[in-house]
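The values are calculated or read from the model by the stated rules, or taken from the named source; none is laboratory data. If you're wondering where the values come from, they're calculated on a predicted model, not measured in any experiment. Neighbour counts are summed over all protein chains in view; Cβ atoms, including those assigned to glycine, are modelled from backbone coordinates with ideal geometry.
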Amino acid sequence: MKKMSIFLCFSFLLLPFAGCSDSDNGTGESSGGDGVSLEDIRVIPLPQFISYGRGAFAVDKDVTISCTAAIEDEATLLAGYLKEDHGMEPVVSKDKTDATIQLVIDPALTVKAEGGYRIEVANNKIVLTAKDNLGIFYGSQTVRQLITLQGNLFVVREVSISDYPVFSWRSVMLDEARYFKGKEAVKTLLYEMARLKMNTFHWHLTDDQGWRIEIKKYPKLIEVGSKRKCSGLGWEWENDQFDNIPQSGHYTQEDIKEIVAYAKKLNITIVPEIEILTHSSAAIASYPQLGTTKKQIEVECRMGVFSEIIDVSDDFAIQFMHDVLDEVMALFPGEYIHIGGDEAQKTHWKQCPLCQARMKKEQLANEEDLQGYFMKRISDYVRSKGREVIGWDELTNSSFLPDNSIILGWQGFGQAALKAAEEGHRFIMTPARIMYLIRYQGPQWFEPVTYFGNNTLKDVYDYEPVQKDWKPEYASLLMGVQGSMWTEFCNKPEDVDYLLFPRLAAVAEVAWTQPDKKDWALFLKGMDRYNEHLAEKGIVYARSMYNIQHKVTPENGVLQVKLECIRPDVEIRYTVDGSEPTASSSLYTDSLTVTAAQTIKSATFAQGEQMGQTLVLPIAWNKATGKPILGNKPNEKLMTNGVRGSLKYTDFEWCCWEKSDHISFMIDLLQKEKLSTFTIGMAVHKPKSIRIAVSDDNETYREIAGLHFTAEEIFREGAFIEDFSVDMKGTEARYVRVTAEGAGACPADHVRPGQEARVYFDEIRIE
């Protein structure tokens, strides 16, 4: 087969240092002639294979890009990138053949995966070779990052790159049902995805809190379903907090077409998600006949999981689903349709006589099979239209897993997706514990309120979806990975951007780069450049990677304070005298020992500049502080570490029991003490009762006092921290035992009906 050569051209100024030998300067970089640094490339995602040459050359500001008609679109895109990134003035020409940068399409090129490419920067030219336009597009994303500004020169280092994606599915999900960002914001996200070589945009368009896509046959989905009176400011049990600000927003079908076309130019496929049965409050508010009760409801303002569900016994509901999907499939030409299916609350189905009759007619064993049966019917309908079906991993709960469906694994570490793989189903990993970008991305003391613990930049970067204990067939069925951006806690566009960036870059490298090729230190250098790019674009991004996480641990009557930052290339400086830390403050090298009340202030520094926020860590002291706790939970020691927890209940300062039938632990004061009061902090749910007893030998105990709480006190909804004290009456003892009885299941009128009450205890104070 005859090769077809296609050329792109820059105008270059050859530097005297081109071709010079590398010399290690001890910084991981090399020095070229004229003092120019020959930097290791800082490309995100990192290419699979990199070999460095011995020189560099500079790119002139006036850039000519020469191409054939076949890749004029790619040339035009590259011209825009160079102007945006470097302030160049590119001119696209199809006439110039003596290109310094040569873009070569070679159909015979052997690449390991679709989108692979090769780059050779040597002999004063750049040669980018790919099998097709897609490889050229991805290679161009690398070329734009190879150019670095050194002084007044745009420098390109000699390098050889061979690159390809490790996964074919490299995805981001954006939830716009909870917070609507709008067309331009979506385009910005797509643009950043393309820069990071991500190829799939999972668009969550419907949920309890909003319906965001125009369906012409059902106009009330927009007239009613796209609007809500306000937004909850907290998670489920905090549902008494609202902002009282009306929310609305939707995409017309013309908007959708425009965004789909824009994504296509960037080689991104959009996968729409329409929640078919579950998370359906907005749909039912628009058309009450869809619900089991047929009663008018409102679009949900609270954030969480709710009981409203589509009435699968009603033929109208089935027709509604078909009609909606017909219009959706007409708008989105991609091969995938996501039909939802997560977190179905089946209370209404259990109470619905017609639903129970439908179960009997179809010989279904339970409500899980009722959901599975109808998800399979919907899946069959979508597949009859020539599309592939994706669903959340709850589809594996029934005996009706839809044929050939693709499972998106989110619960835990995605174990349900492996259940589907056992049956030969393809799957995608987006485990909530690692890839949910709504979770805190840094030390929670500095972060805006969200939920469910930490997924730091390093947590995301270190994620490896293919586990060592997997069966070989699992890996062959894994399509790729997804970062999921839920927006329950977002109230303005900047909130979404803050959570997305820069973690999106870590998702991209997990999806593109072989695990053994990843380099955390080099990634961080790339992050510095990427964050500069985000700042120039006006994108609000998190600098959480520079903040300090603390850990205070009781050890035989004293406290050990550990400070750490996920960046190994910064120093931690601290003070204990109340002053602000500076670059000349004490250098933290090992854990600090604390023996009395004290406030530690610390921050990270690099080249004399403070990089992160100052951590102010107040440590209180009482007779219980630093003392060991004798119990069966590792985190019980948090109750005597001198540090109070916050309303962010996952801030690593709370000891919690989700199975709270019986709680018991002992505090060893290490010596006999006179005891006046016992105080304990509580949050979320109180226990039914607490009993305090003391002992001199940890064998014979005598009860001193107790607390009892009513159902109204226990199941109070809202976010709170409350301290409760008991009179110890001057008793002398060495050991203090705390025994509590849990309240069991939440009542039917609670926001979490039937779920186990969760007891949270914080700092214990004994005076």
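Looking at region 75-95 only, could you name the residues that are polar (S, T, N, Q) and touching a residue at least 24 places away in the same chain (Cβ under 8 Å)?
Once the filter is applied, which keeps residues that are polar (S, T, N, Q) and touching a residue at least 24 places away in the same chain (Cβ under 8 Å), region 75-95 yields only Ser93.
List the number of the failed condition for Phe665; all other conditions in (1) touching a residue at least 40 places away in the same chain (Cβ under 8 Å); (2) in the same structural domain as Val576 (by TED's automatic domain parsing); (3) of a type in the set (Phe, Trp, Tyr) hold.
Only one criterion in (1) touching a residue at least 40 places away in the same chain (Cβ under 8 Å); (2) in the same structural domain as Val576 (by TED's automatic domain parsing); (3) of a type in the set (Phe, Trp, Tyr) is unmet by Phe665, namely (2).
Residue under question is Val694, and the condition is that it be crowded, with 17+ Cβ neighbours inside 10 Å, of a type in the set (Val, Ile, Thr) and part of a strand (DSSP E or B); does it hold?
Considered against the rule, which asks whether it is crowded, with 17+ Cβ neighbours inside 10 Å, of a type in the set (Val, Ile, Thr) and part of a strand (DSSP E or B), Val694 comes out as yes.
Taking region 551-566 on its own, how many of its residues are in a loop (DSSP other than H, G, I, E, B) and buried (at least 19 other Cβ atoms within 10 Å of the Cβ)?
2
Taking helices (runs of 4 or more DSSP H) that do not extend beyond region 339-435, which have at least 2 residues that are within 21 Å of the chain's Cα centre (by Cα), crowded, with 17+ Cβ neighbours inside 10 Å and of a type outside the set (Ser, Thr, Tyr)?
415-422, 432-435
Can you confirm whether Arg383 is closer than 15 Å to Ile310 by Cβ and either in the same structural domain as Ser484 (by TED's automatic domain parsing) or touching a helix residue (DSSP H, G or I) at 6+ places or on another chain (Cβ under 6 Å) (or both)?
no
Out of all the residues in region 656-685, which are in a loop (DSSP other than H, G, I, E, B) and either among the acidic types (Asp, Glu) or under 14 Å from Val726 (Cβ atoms) (or both)?
Glu658, Asp661
Output the number of the condition that Lys458 fails; it satisfies all remaining conditions of (1) more than 30 Å from Val616 (Cα to Cα); (2) out of contact with any Leu (no Cβ under 8 Å at 6 or more places or on another chain); (3) surrounded by fewer than 23 Cβ atoms within 10 Å (Cβ to Cβ).
The number of the failed condition is (1).
Tell me yes or no: at least one residue of region 489-507 is touching a residue at least 12 places away in the same chain (Cβ under 8 Å), in a strand (DSSP E or B) and crowded, with 17+ Cβ neighbours inside 10 Å.
No, there is no match, as no residue in region 489-507 is touching a residue at least 12 places away in the same chain (Cβ under 8 Å), in a strand (DSSP E or B) and crowded, with 17+ Cβ neighbours inside 10 Å.
Restricting attention to region 650-682, which residues are aromatic (Phe, Trp, Tyr) and within 38 Å of the chain's Cα centre (by Cα)?
Scanning region 650-682 gives Phe652, Trp654, Trp657, Phe665.
Which condition number in (1) over 30 Å from Phe715 (Cβ atoms); (2) surrounded by fewer than 19 Cβ atoms within 10 Å (Cβ to Cβ) is the one that Ile215 fails?
It is condition (2) that Ile215 fails.
Out of the residues in region 722-767 meeting the condition of being of a type in the set (A, V, I, L, M, F, W, C), assigned to a loop (DSSP other than H, G, I, E, B) and touching a Lys or Arg at 6+ places or on another chain (Cβ under 8 Å), tell me which one is modelled with the lowest pLDDT.
Restricting to residues being of a type in the set (A, V, I, L, M, F, W, C), assigned to a loop (DSSP other than H, G, I, E, B) and touching a Lys or Arg at 6+ places or on another chain (Cβ under 8 Å), the top hit is Val751.
Taking region 441-466 only, how many residues are hydroxyl-bearing (Ser, Thr, Tyr) and at pLDDT 95 or above?
Qualifying residue count for the region: 3.
Consider Asp311 against the criteria (1) buried (at least 17 other Cβ atoms within 10 Å of the Cβ); (2) touching a Ser or Thr at 6+ places or on another chain (Cβ under 7 Å); (3) touching a residue at least 60 places away in the same chain (Cβ under 8 Å): it satisfies all of them except one. Which criterion is unmet?
(3) is the only condition that Asp311 fails.
Give the residue that is surrounded by the fewest Cβ atoms within 10 Å (Cβ to Cβ), with candidates limited to residues of region 179-202 that are among the charged types (D, E, K, R) and within 19 Å of Asp495 (Cβ to Cβ).
Glu184
Only one of these conditions is not met by Gln613: (1) among the polar types (S, T, N, Q); (2) surrounded by 13 or more Cβ atoms within 10 Å (Cβ to Cβ); (3) without any contact (Cβ under 8 Å) to a residue 40 or more places away in the chain. Which number is it?
Answer for Gln613: the failing condition is (3).
Looking only at region 117-131, decide whether some residue is farther than 26 Å from Gly55 by Cβ, buried (at least 16 other Cβ atoms within 10 Å of the Cβ), of a type outside the set (Asp, Glu) and in contact (Cβ under 8 Å) with a residue 40 or more places away in the chain.
no
Given the structure, is Thr292 buried (at least 16 other Cβ atoms within 10 Å of the Cβ), modelled with pLDDT under 95, in the same structural domain as Ala416 (by TED's automatic domain parsing) and polar (S, T, N, Q)?
yes
Quick test of your reading of the structure: Trp621 fulfils all but one of (1) of a type outside the set (Asp, Glu); (2) in a loop (DSSP other than H, G, I, E, B); (3) surrounded by 18 or more Cβ atoms within 10 Å (Cβ to Cβ). Name the failing condition by number.
Of the numbered conditions (1) of a type outside the set (Asp, Glu); (2) in a loop (DSSP other than H, G, I, E, B); (3) surrounded by 18 or more Cβ atoms within 10 Å (Cβ to Cβ), the odd one out for Trp621 is (3).
Which of the residues that make up region 658-681 are crowded, with 21+ Cβ neighbours inside 10 Å and closer than 18 Å to Arg644 by Cα?
Result: Ile667, Phe678, Ile680.
Quick one: is Asn632 assigned to a loop (DSSP other than H, G, I, E, B), modelled with pLDDT under 95 and over 29 Å from the mean Cα position of the chain (by Cα)?
The answer is yes for Asn632.
Among the numbered conditions (1) closer than 30 Å to Ala421 by Cα; (2) touching a Ser or Thr at 6+ places or on another chain (Cβ under 7 Å), tell me where Leu500 comes up short.
For Leu500, the failing item is (2).
Within region 144-160, does at least one residue satisfy the condition of being in a helix (DSSP H, G or I) and either touching a helix residue (DSSP H, G or I) at 6+ places or on another chain (Cβ under 7 Å) or aromatic (Phe, Trp, Tyr) (or both)?
yes
Any chance region 266-277 includes a residue that's over 27 Å from Gly391 (Cβ atoms), assigned to a loop (DSSP other than H, G, I, E, B) and in contact (Cβ under 8 Å) with a residue 24 or more places away in the chain?
No, that holds for no residue.
Please give the number of the condition Ala521 fails out of (1) of a type in the set (Gly, Ala, Ser); (2) in a helix (DSSP H, G or I); (3) surrounded by 17 or more Cβ atoms within 10 Å (Cβ to Cβ).
(3)
Answer yes or no: is there a residue in region 223-237 that is without any contact (Cβ under 8 Å) to a residue 40 or more places away in the chain and either within 20 Å of Thr430 (Cβ to Cβ) or touching a Cys at 6+ places or on another chain (Cβ under 8 Å) (or both).
no
Could you please let me know if Ile222 is in a loop (DSSP other than H, G, I, E, B), over 25 Å from the mean Cα position of the chain (by Cα) and among the β-branched types (Val, Ile, Thr)?
Against the criterion (in a loop (DSSP other than H, G, I, E, B), over 25 Å from the mean Cα position of the chain (by Cα) and among the β-branched types (Val, Ile, Thr)), Ile222 does not qualify.
Just to be sure, is Val328 of a type in the set (Val, Ile, Thr), assigned to a loop (DSSP other than H, G, I, E, B) and either at positive phi or in the same structural domain as Tyr218 (by TED's automatic domain parsing) (or both)?
No, not satisfied.
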